[in-house]
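Nothing in this text is a laboratory measurement; each read-out follows from the coordinates by a stated rule. What you are looking at is a predicted structure, and each value in this text was computed from that prediction instead of being measured. Positions of Cβ are generated from backbone atoms using ideal geometry, with glycine treated the same way; all protein chains shown enter the neighbour counts.
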Amino acid sequence: DLSTNIAGVNLSSYLMNASGPKCTTWEELEVIGQSASSAIVTKSCTMAFREGNPEPRYSDLPLGSIQSMGLPNLGYKAYLEMVPQLKALGKAVVVSISGFSIEDNIEMVSAFQNSDVDLIEVNFSCPNIPGKAQVAYDFEQVETALAALTVLGDKPIGIKLAPYFDMSHFIAMAEILKKFPVKFITCVNSIGNTLIIDPETESPIIKPKGGFGGLCGDYIKPIGLANVRAFRELLPESVQIIGVGGIKNGVDAFEYLLAGADAVQIATCFEKEGAVCFERIENELKAFMAQKGYTKLIDAKGKLKPL
Ligand code: DHB
């Protein structure tokens, strides 16, 4: 039994898709709805439809992927209108919001507060819009935004964080989060602004931003684990943590559980393998836990043993 709970919403399993790949159109979201993913998480939306960045803007890598999609999405009103059909697929619906200003985010969060979505994940960490900084690295802006966004309704709000690399940043962000009724955090987003060079062509392998893009997959698993672990130790138990970064098998998912994740999201592996990954990883996690005598998530959650 891998059932879990995020911000009062019961989920039938520990695994769901991450906002990112294959979750932009109704057709893609319907596939997630028919899979073993325990929720349907939508692509981060903006005020208006966006084509996104020029191609090539995604590349598989041996140990993950690099992407600079540039927020291609249908515009928030399309997702708002889709909510009833998404809910009819029978699982929790998580909408991801990624406005370009606090005003954008206020408008979008307000709209989804008046909808049937289960959870609202505000994305403070898109690294791929030329000229736009990642909000998650501007602590003052995070605080201002949370003050405005957490008073718009009763539906639980969570935030998608960028990866942090210094203990002082974990501590400072945790102190800000504790000031507001943020019900869950999702960490981590891709590591922004990394560069993969093809030595044969002597060029970057993706086109936008001179080749700079978000690094995903196995490369970032130790970073995701550290972020989940650090925030688990710094935040009260009433704040749930969704782990993301490099989960492609049951053992990866188990490591995030030990670090303290209440649920996990899958991006690169879903992009590469398709929606069958959710059932495969769920079965692998169940089998690995069974070998250890664990039957429920709580048996191992957060129980990383000191060395
Ligand atoms: C995109 C990438 C991200 O890592 C993110 O958080 C949001 C959007 C993108 O390029 O579309």
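Placing unit charges on C-beta atoms (Lys and Arg positive, Asp and Glu negative, everything else neutral), compute the dipole magnitude of the stretch 126-232 about its Cα centre in debye, rounded to 20. It would help to have the intermediate numbers written out before the result.
Values: 11 positive and 10 negative charges, 96 e Å.
So the magnitude is around 460 debye.
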Point to revise | Cα gyration tensor category, rounded, prolate or oblate, for the stretch 203-307 with a/c compared to 1.5 | key: oblate
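Does the stretch 1-115 come out rounded, prolate or oblate, given a ≥ b ≥ c as the square roots of the eigenvalues of its C-alpha gyration tensor, rounded meaning a/c under 1.5 and, failing that, prolate meaning a/b above b/c?
Details: a/c = 1.78, a/b = 1.12, b/c = 1.59.
The shape class here is oblate.
How far, in nm, would the chain grow between residue 147 and residue 171 when pulled straight, counting 0.36 nm per residue and subtracting the alpha carbon separation?
Values: separation 24, 0.36 × 24 = 8.64 nm, distance 1.87 nm.
Answer, rounded to one decimal: 6.8 nm.
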Review point. Between residue 60 and residue 296, how many nm apart are label points set 7 Å from Cα along the C-beta direction?
Key: 4.0 nm
Practice item. Please find, in a Gaussian network model of the chain (springs between Cα atoms separated by less than 10 Å), the residue of 283, 73, 189 whose mean-square fluctuation is greatest. Key: 283
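Label the chain by shape, choosing from rounded, prolate and oblate, from the square roots a ≥ b ≥ c of the eigenvalues of the Cα gyration tensor; if a/c is under 1.5 it is rounded, and otherwise prolate applies when a/b is larger than b/c, oblate when it is not. Spell out each step's value before the answer.
Details: a/c = 1.22, a/b = 1.09, b/c = 1.12.
In terms of gyration-tensor shape, rounded.
What's the whole-number percent of alpha carbon pairs in the stretch 136-203 lying beyond 20 angstrom?
Details: 884 of 2278 pairs.
Everything past 20 Å amounts to 39 percent.
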**Study point:** Charged-residue dipole, Cβ positions (Lys, Arg, Asp, Glu), the stretch 1-157 about Cα centre, Debye nearest 20
**Key:** 200 debye
Practice item. Compute the signed sum of charges (Lys and Arg +1, Asp and Glu -1) over the other residues within less than 13 Å, Cβ to Cβ, of residue 46. Key: 0
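Using R₀ = 30 Å, calculate the FRET efficiency as 1/(1 + (r/R₀)^6) where r is the Cβ-Cβ separation of residue 107 and residue 26; round to 0.05.
Details: r = 22 Å, r/R0 = 0.75.
My answer for the efficiency is 0.85.
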Check your understanding: Reported to two decimal places, what Rg/Rh ratio describes the stretch 87-220 when computed on Cα atoms with Rh from the Kirkwood expression?
Key -> 1.03
Exercise for review: Can you check what the net charge comes to around residue 74, using other residues whose Cβ is under 13 Å from the Cβ of residue 74 (Lys, Arg +1; Asp, Glu -1)?
Suggested key: -1
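How do 58, 137 rank when sorted from fewest to most other Cβ atoms within 10 Å of their own Cβ?
Values: 58 20, 137 17.
Ranked by crowding around the Cβ, least crowded first: 137, 58.
If the chain between residue 114 and residue 201 were fully stretched, how many nm would it gain, using 0.36 nm times the residue separation less the Cα-Cα distance?
So the extension gain works out to 26.2 nm.
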Study note, to complete from the structure: Computed about the Cα centre, the charge dipole of the chain from +1 Lys/Arg and -1 Asp/Glu charges at the Cβ has a magnitude in debye, to the nearest 20, of 560 debye
Review point. How many times 2.2 N^0.38 Å is the alpha carbon radius of gyration of the stretch 1-50?
Key: 1.25
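Counting only trypsin sites (Lys or Arg not before Pro) that are in a DSSP loop and have at most 15 other C-beta atoms within 10 Å, tell me the longest site-free stretch of the chain. Spell out each step's value before the answer.
On the way: sites that count: 132, 179, 292, 296, 303.
Counting at most 15 other Cβ atoms within 10 Å as exposed, the longest clean stretch of the chain is 1-131.
Which of 87/160; 160/207; 22/183; 178/221; 183/296; 22/91 have a Cα-Cα distance over 19 Å? Please report the intermediate quantities before stating the final value.
On the way: 87/160 22 Å; 160/207 25 Å; 22/183 26 Å; 178/221 26 Å; 183/296 22 Å; 22/91 17 Å.
Too far apart for the 19 Å limit: 87/160; 160/207; 22/183; 178/221; 183/296.
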Exercise for review: Work from the charge dipole of the stretch 129-210 (Cβ charges, +1 for Lys and Arg, -1 for Asp and Glu, about the Cα centre) and give the residue of 197, 172, 159 farthest towards its positive end.
Suggested key: 159
Practice item. Take every Cα pair under 8 Å in the chain that's 6+ residues apart, average their separations, divide by the length, and report that relative contact order as a whole percent. Key: 20 percent
Study note, to complete from the structure: The local net charge around residue 176, scoring Lys/Arg +1 and Asp/Glu -1 for residues other than residue 176 whose Cβ lies under 10 Å from its Cβ, equals -1
Review point. In nm, to one decimal, how far is the modelled label at residue 303 from the one at residue 81, with both set 7 Å along Cα→Cβ?
Key: 4.9 nm
Exercise for review: Go through 63, 119, 129 and say which Cα lies farthest out towards the positive end of the charge dipole of the stretch 28-176; charges sit on Cβ, +1 for Lys and Arg, -1 for Asp and Glu.
Suggested key: 63
Practice item. Select from 206, 277, 230 the residue farthest towards the positive end of the dipole of the stretch 177-307; place +1 on Cβ of Lys and Arg, -1 on Cβ of Asp and Glu, and compute about the Cα centre. Key: 230
**Study point:** Cα-based reach from residue 209 at 18 Å (exclusive), listing lysines while leaving out same-chain residues under 8 positions away
**Key:** 132
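Please compute the contact order of the stretch 2-52 in relative form: average sequence separation of alpha-carbon pairs under 8 Å and at least six residues apart, divided by the residue count, as a percent.
On the way: 58 pairs, mean separation 16.7, N = 51.
Rounded, it is 33 percent for the stretch 2-52.
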Review point. Based on DSSP H runs of at least 4 residues, each adding -39500 (n - 2.57), what is the mean residue ellipticity at 222 nm of the chain after dividing by all its residues, to the nearest 500 deg cm²/dmol?
Key: -10000 deg cm²/dmol
